[in-house]
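Okay, so here's the structure we're looking at.
No value in this document is a laboratory result; all are computed from the given coordinates. A quick note: this is a predicted structure, and the numbers were derived from the prediction, not measured.
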Amino acid sequence: MRMQDRIYDQMSQVIQNEWQKFHPKTNCIWIKYVIYKMRKSLSIRLQQQSPNVRNKNTCSSIICAMKISV
């Protein structure tokens, strides 16, 4: 199951099929998805860089700082 599908399932559980009402927790779930995509993009970019260009300590601290759980 893709992350996008899991996020949709989480959101539907929270809102209980009431898509027109405001549910603040869905904002947190959406942010979780956006951060996931950013981390994935950053990871791909870091893999594309040559090893002598990237600073592993800086890169790993950026990735660790972006971890979030809802």
Full-extension gain in nm, Lys32 to Met1, via 0.36 nm per residue minus C-alpha separation: 9.5 nm
Theoretical gain in end-to-end length, Val14 to Ile44 [0.36 nm per residue, Cα-Cα removed]: 7.6 nm
